[in-house]
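I have placed the structure first, in the form of structure tokens, so that the comments after it can refer back to it.
No lab work stands behind these numbers, since they all come straight from the coordinates. Just so we're clear, the structure is a prediction, and the values are computed from it rather than from any experiment. In this analysis, Cβ positions are derived from the backbone assuming ideal geometry, glycine residues included, and neighbour counts consider all displayed protein chains.
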Amino acid sequence: MSTSAKTNSDGMFGQSAKLPKELAADVAAVIADWTAGDKVKRMWAHDASLWTNTDEAQWLGWLDIVSQQIADTEKFRSLAEEIRAGKFSDVVLMGMGGSSLCPEVMDLTFGRIAGFPKMHVLDSTDPAQIAAIAKKVDLARTIFIVSSKSGTTLEPNIFQQYFYGRAKEAVGAKEAAKRFIAITDPGSHLEQVAKQEGFLHIEFGVPSIGGRYSALSNFGIVPAAVQGIDVMKFLERAAEMAALSEAVQAVAGGNGRFVAFEAQPGLGKTELLREAARLFAQPQHHHEIIRRVEPFIADTPLRIASEHAWGRINSANATKPARERSHAWRYEQIDLRG
């Protein structure tokens with residue numbers, strides 16, 4: 001894939017990308033297949049036949065997680081305030097694979113946020129790496145997050161035992177437990193350990209979400225809240241994008257840009273898609289694309305989630321019809337650092 005960097009008219013640094021010819025044809029064929037088979041809509045309807053149709057129906061919880069998390073944002077706000085009030089200097093996220101990927105990306109993206117602890121991700125049993133993190137943090141002022149979906153993954157359990165012992169040495173057994181948070185699926189061994197030791201919090205994952213699809217579940221959002229990221233704003237943007245994706249009926253592309261857009265019955269689809277592509281190339285017109293899509297997603301769970309998000313922006317206008325509320329959708333450079 002070739003890439004290029006450029007600065008847009010607003011002075012923001014951006015990138016563009018273009019597939020090599022041999023891949024572009026294959027991608028175009030897949031897009032055409034998904035369009036003809038109405039596969040985006042089928043995906044949002046949890047149609048497991050889009051995959052192998054074996055056990056995928058048990059692993060599609062990621063499709064609904066955004067609206068569930070938005071409904072529970074008070075919990076995340078309370079957790080963030082608790083961490084801020086505790087004046088912790090560091091947070092160590094201990095996990096492997098899907099349990100650590102999102103926190104690592106968040107840390108690399110946003111860095112340390114004023115008033116909140118510095119994030120350290122431990123996902124290796126290399127003794128040198130463990131020792132390096134132990135040396136970096138102030139053990140008496142550190143929050144430890146043990147993240148394991150199954151609760152039986154060897155590495156996070158080893159990390160937990162090691163740092164729990166070190167925390168006991170630093171602040172005593174009673175206080176050490178108050179510095180640990182467990183994220184795991186309900187009924188796991190880790191949940192039992194956390195209850196037995198009296199961890200500060202036990203946050204649950206969703207059994208129907210696999211580890212590498214868990215970024216918007218508690219495996220990603222709880223560490224984000226501890227780190228000080230504005231998770232409500234983060235989830236609002238996720239809800240907006242999910243709602244747009246759910247509305248897809250056709251996909252058109254131009255110059256490497258793909259535009260999700262649903263044509264209203266009776267209108268020329270080709271003309272409408274061409275206009276959508278033109279508008280999408282101009283960020284100031286993104287709201288127009290969304291205005292045309294909104295009527296098709298009025299009754300979906302993600303539409304409700306987005307209305308919740310809009311209500312937080314301006315509750316007085318939350319009950320306005322979709323056409324009058326189109327300006328609520330904002331596409332700007334987002335600062336999620338609280």
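Observations on the model:
- Sorting 229-236, 203-210, 105-112, 120-127 by their mean Cβ neighbour count within 10 Å, with the most densely packed peptide first, gives 229-236, 203-210, 120-127, 105-112.
- Amide H contacts under 5 Å for I145, placed H, 5+ residues apart: V92, L93, M94, I181
- Projected-area average for the range 91-166 over all orientations - Cα convex hull basis, square nanometres: 5.0
- Whole-number D in µm² s⁻¹ for the range 65-229, Kirkwood Cα-pair radius fed into Stokes-Einstein, 25 °C, 0.890 mPa s: 158
- Between the amide H of E203 and those of A182, I183, T184, distances stay under 5 Å, these residues lying 5 or more places away or on another chain, with hydrogens modeled in the peptide plane.
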